[in-house]
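Below is one structure; the comments refer to it alone.
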Amino acid sequence: MENGGANLEAQIESLLNVEKQMRQVGDVSGTRKAVTEILQLCFDAGAWKTLNDQIILISKRRGQLKQAVQAMVQQAMQYIDQTPDLDTKIELIKTLNSVSAGKIYVEIERARLIKRLAKIKEEQGLISEAADLMQEIAVETFGAMAKTEKIAFILEQVRLCLDRQDYVRAQILSRKISPRVFEADTSKEKKKPKEGENMVEEAPADIPSLLELKRIYYQLMIRYHSHSNDYLEICRCYKSIYEIPSVKEDPAQWIPVLRKISWYLVLSPHDSMQSSLLNSTLEDKNLSEIPHFRLLLKQLVTMEVIQWTALWNTFKDEFENEKNMLGGSLGEKAAEDLRLRVIEHNIIVVSKYYSRITLKRVADLLCLTIQDAEKYLSDMVVSKALVAKIDRPVGVVCFQTAKDSNDILNSWATNLEKLLDLVEKSCHQIHKETMVHKAALKV
């Protein structure tokens, strides 16, 4: 064994002398060859400690060529999966990480090393450490890294932040990815290599396609928005997943997604964006495959009061069944929020049909107590979803907006103008009829 070790050291010493000569004359290919042969000797002998020592030694040699360091790091990365145990693997990754730190020509290799180390930490249950490791790397500045690999790396950073419930940092990282990047045509990009530009490296085989990354991105965004119960944003995320061609072609995939879109549309507060999404979803032909949900959305569009008990009895089973579908349950507060949305819809319906109405009658229509009806009305007025005034002593709700004197005068002027037009048209018609009648008498 000692003889074998001495022989290895002698071979390494010999190759180091060759490497020194090649380095001093600036022979890139010769230096690279000598460096890779040293690493191969250590690997073949199973001398992992010697391998780590040689990597550090070679990288610190005076005037070391960039190409040699790059070749050395790339060569050593191939040995990571062939290490005998986990400790050796971690030691080798840390050695390569320290060698590549601060060197722009091996920044991609360093990012991949950090990702591997973070994965090991995560498997050991050290999620915070894994997240901190991943956040050290800002891949968005790497010009030579493939776009899909960049996106995959940032998504991994977002996922780890969500896993440790760091929602603020998850949001900051997610903003590094523009949703428009998923709409880009990848076939056109490959035709643009120009002279003088850095060559973009090919993404590793384990990196998902752009459309698969789109699905992962929106699934992570759903997790983020679920934390704050932002139903409209969750709905938009599901809508984007629904638009992916592979999802739209497979009913087993799009039916659960369309169900989720329908539920989150119903749970979203009423505004122009929700109304637009609601109408576009109702126009979708695929919705006829799940008629129950078409009926649910139709009730929201129809300006009629919805009876909460009847609605809940009809859709309770479907609501609870969502736990077993894609994306899991709709959230802890979903049932309360569904009732709140039905009440808000009913108040809007009442405001469309009445300009003045007693509070007691409003409470009867909403199937609520007078105090609850007043509370929900006030909340809607405060959130500017509705314009209303409550005369509490009299117990009357007025849904009319207060008009200023200029508006009233303008409406009067418009009405007078319309009236005079009608009088003029009537006079013209009478005159015409008189002329026709006189002509008939003369004949």
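The values are calculated or read from the model by the stated rules, or taken from the named source; none is laboratory data. Since this is a predicted model, take the numbers as computed values, not measurements. For neighbour counting, all protein chains shown are included, and Cβ atoms are generated from backbone atoms with ideal geometry for every residue, glycine included. The protein model used for the area step is the full one, side chains on, heavy atoms only, and it has no ligands, DNA or RNA in it. Shrake-Rupley method; radii C 1.70, N 1.55, O 1.52, S 1.80 Å.
Listing for the model above:
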quantity: Index of the failed condition, Gly395 passing every other in (1) within 26 Å of Pro269 (Cβ to Cβ); (2) in contact with a helix residue (DSSP H, G or I) (Cβ under 8 Å, 6 or more places away or on another chain); calculated: (1)
quantity: Criterion violated by Val387 - all others in (1) open to solvent by 80 Å² or more (accessible area, probe 1.4 Å); (2) more than 42 Å from the chain's Cα centre (by Cα) satisfied; calculated: (2)
quantity: Within segment 96-127, tally of residues that are part of a helix (DSSP H, G or I), open to solvent by less than 60 Å² (accessible area, probe 1.4 Å) and not charged (D, E, K, R); calculated: 13
quantity: Breaking point among (1) surrounded by fewer than 23 Cβ atoms within 10 Å (Cβ to Cβ); (2) farther than 25 Å from Leu311 by Cα, for Cys237; calculated: (1)
quantity: Any hit, segment 411-420, residues being within 30 Å of Met380 (Cβ to Cβ), out of contact with any Phe, Trp or Tyr (no Cβ under 8 Å at 6 or more places or on another chain), of a type outside the set (Phe, Trp, Tyr) and open to solvent by less than 100 Å² (accessible area, probe 1.4 Å); calculated: yes
quantity: Segment 25-36 - residue that is closer than 15 Å to Ser59 by Cα and not β-branched (Val, Ile, Thr) and, of those, least open to solvent (accessible area, probe 1.4 Å); calculated: Ala34
quantity: Residue in segment 224-234 that is open to solvent by less than 60 Å² (accessible area, probe 1.4 Å), touching a Gly at 6+ places or on another chain (Cβ under 7 Å), in a loop (DSSP other than H, G, I, E, B) and within 20 Å of Phe319 (Cα to Cα) present; calculated: yes
quantity: Any chance Ala68 is within 20 Å of Val106 (Cα to Cα), touching a residue at least 24 places away in the same chain (Cβ under 8 Å) and surrounded by 14 or more Cβ atoms within 10 Å (Cβ to Cβ); calculated: yes
quantity: Unmet requirement for Gly63, which otherwise passes all of (1) over 45 Å from the mean Cα position of the chain (by Cα); (2) in a helix (DSSP H, G or I); (3) over 26 Å from Glu201 (Cβ atoms); calculated: (2)
quantity: Meets criteria (open to solvent by 20 Å² or more (accessible area, probe 1.4 Å), of a type outside the set (Gly, Ala, Ser) and assigned to a helix (DSSP H, G or I)) for Gln274; calculated: no
quantity: Residue identified as in contact (Cβ under 8 Å) with a residue 12 or more places away in the chain, outside any loop (DSSP other than H, G, I, E, B) and open to solvent by less than 10 Å² (accessible area, probe 1.4 Å) among Leu133, Leu92; calculated: Leu92
quantity: Total residues in segment 356-396, condition assigned to a helix (DSSP H, G or I) and not hydrophobic (A, V, I, L, M, F, W, C); calculated: 10
quantity: Conditions (1) surrounded by 12 or more Cβ atoms within 10 Å (Cβ to Cβ); (2) assigned to a loop (DSSP other than H, G, I, E, B): number failed by Phe293; calculated: (2)
